[in-house]
1. Does region 273-295 contain at least one residue that is over 30 Å from Ala361 (Cβ atoms), surrounded by fewer than 20 Cβ atoms within 10 Å (Cβ to Cβ) and within 19 Å of the chain's Cα centre (by Cα)?
2. Quick check: anything in region 76-87 at pLDDT 95 or above, within 20 Å of the chain's Cα centre (by Cα) and closer than 26 Å to Gln26 by Cα?
3. Are any residues in region 98-118 farther than 17 Å from Gly39 by Cβ, not in a loop (DSSP other than H, G, I, E, B) and not aliphatic (A, V, I, L, M), and if so, which ones?
4. For region 340-348, does any single residue satisfy the condition of being under 25 Å from Pro427 (Cβ atoms) and of a type in the set (Gly, Ala, Ser)?
5. Between a first residue in region 69-88 that is open to solvent by 100 Å² or more (accessible area, probe 1.4 Å) and a second residue that is of a type in the set (Asp, Glu) and in a loop (DSSP other than H, G, I, E, B), which pairs have beta carbons less than 7 Å apart while being 6 or more apart in sequence or on different chains?
6. Residue by residue through region 304-320, note down the ones that are buried (at least 17 other Cβ atoms within 10 Å of the Cβ) and either at pLDDT 95 or above or over 23 Å from Ser255 (Cβ atoms) (or both).
7. Going through region 138-159 one residue at a time, which ones are assigned to a helix (DSSP H, G or I), touching a helix residue (DSSP H, G or I) at 6+ places or on another chain (Cβ under 7 Å) and among the small types (Gly, Ala, Ser)?
8. Could you check how many residues of region 321-341 are part of a strand (DSSP E or B) and either modelled with pLDDT of 95 or more or open to solvent by less than 20 Å² (accessible area, probe 1.4 Å) (or both)?
Amino acid sequence: MARFECIGKNELSPALFRGILSPLMQQLNLGMIGGGTGGGGFFKALQTNGTLLASRLSIRIHLVRVAAKAFDEPQRKVDIPHAQITLDWKSLVSDPQVQIVAELAGGTTIAREMILAALKLGKPVITANKALLSAHGEELFAAAQQYGTNLYYEGSVAGGIPIIKALREGFVGNRITHLYGIVNGTCNYILTRMKLEGAEFEGVLKDAQREGFAEAEPSLDVDGHDSLHKIGILASLAHGFWVDPKQIHLEGIRSITPVDIQFAGQLGYTIKLLGIIKKIGPRVQVSVCPTLVPNAHVLASVNHVFNAVFVRGDVVGDTLFYGRGAGQDPTASAVLSDIADAALDLKYGTKCRIPPFVPHAREGAVLPMDEVVSRYYVRLSVVDRPGTLAKIATVLGEARIGISSVIQPEGHEGESVPLILMIHDAPNAAMKQALSKISRLGVVKQTPVMFRVETFE
């Protein structure tokens, strides 16, 4: 069991002691790996609110050292004293004074080695590394159990929104039947701007990069991989079996045009990059793709860089979690929360009070996307002449797919015009096959565009 150093009242500054009832305060020694954006943000937050945390926990969090790539990193916006920095992460992890390790370095290779090294020493670990957990979470959680310690990861999904704690603790008595998440601020910012301004994707993406909302290489965000990592973690927690990222259906937002956003609006919908976790019989749908969300639903009004997670439990009903999902401060807030949990678990000798992941449904399985039934929005570019719609309707009819409404706007001149179809419930495989046949019709001039429509039923 970890030892705590006691600090006498006369050793505390008046500011630190205010609000603390006990004449003695225990101290927890923390080692942090990562001195870049994430590490710098947490360092600043601990400086700002460390006293508040101590007063609430009656435990002082003492940052012993920071393992970084360099003493001065370009992306670090916070001044960390060089005397507190080491370039040797292994010495930090193995330091007997360090009782808990925070991994904020990122990546999926060396970060895995760092976390495993700390867990093998029985030290609790805090991470915000969603890509690592998506790829190696099952292994890391098993290691925490094997070595009698814990892994905390609130900051890995949706930043400052406490969705991990909600699923593990707040909803522990619920079966989660539905979970929908807008969990990537970059994509939500781009789609919001496109809707409000009628702007093209590429132009808004460049603005987002200039303003720091998107990376110079944006594929992790706009192609949906970041959302996939997060939705996979939430699906695993909600349904008690580890979801293989390769089984998650993924589509990004590059194919969305202002025309799609305009027609979706006319039909009463807003397009969002939506993560969907839905219990369907004995299996679970897990997907990330552009989705038409009814304007009357609360998720349609989640705009700009904000995230939201909508959860439906069989006992609690519908709940919504909303807030900033990315950036230094929301992540730092989540890491502070995890440190508080780890500190209290150590204080009371309950390192595994709430295991990081409990495989309570080992026979669970992901429903293949081809078997998922949904409604659809389809945009075609067609030759404007009699019989065009009839040919398309014939292909859909042969596949037993019904059309609920058609929009063929006037005022589009030229060789081809847009044709918008809203489709009744149909299996994904049937829709793909039908659109493949439609794309080969002579009256269709471009590859069909298809987005799913969510009804939240």
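1. no
2. Scanning region 76-87, I find no residue that is at pLDDT 95 or above, within 20 Å of the chain's Cα centre (by Cα) and closer than 26 Å to Gln26 by Cα, so the answer is no.
3. Passing the criteria: Arg112, Glu113.
4. Our first condition is that a residue be under 25 Å from Pro427 (Cβ atoms); within region 340-348, this holds for none.
No, the conditions are met nowhere in region 340-348.
5. Listed by first residue and then by second, the contacts come to nothing, as the list is empty.
6. Phe306, Asn307, Ala308, Val309, Phe310, Val311, Arg312, Gly313, listed by residue number.
7. If the condition is that a residue be assigned to a helix (DSSP H, G or I), touching a helix residue (DSSP H, G or I) at 6+ places or on another chain (Cβ under 7 Å) and among the small types (Gly, Ala, Ser), then Ala143, Ala144, Gly155, Ser156 are the ones that fit.
8. 3
The values are calculated or read from the model by the stated rules, or taken from the named source; none is laboratory data. These numbers were taken from a predicted model, which means no experiment stands behind them. Don't worry about glycine lacking a Cβ; one is built from the backbone with ideal geometry, like all the others, and counts go over all protein chains shown. Just so you know, the surface numbers come from the protein's heavy atoms only, side chains and all, with ligands and any DNA or RNA stripped out. Shrake-Rupley method; radii C 1.70, N 1.55, O 1.52, S 1.80 Å.
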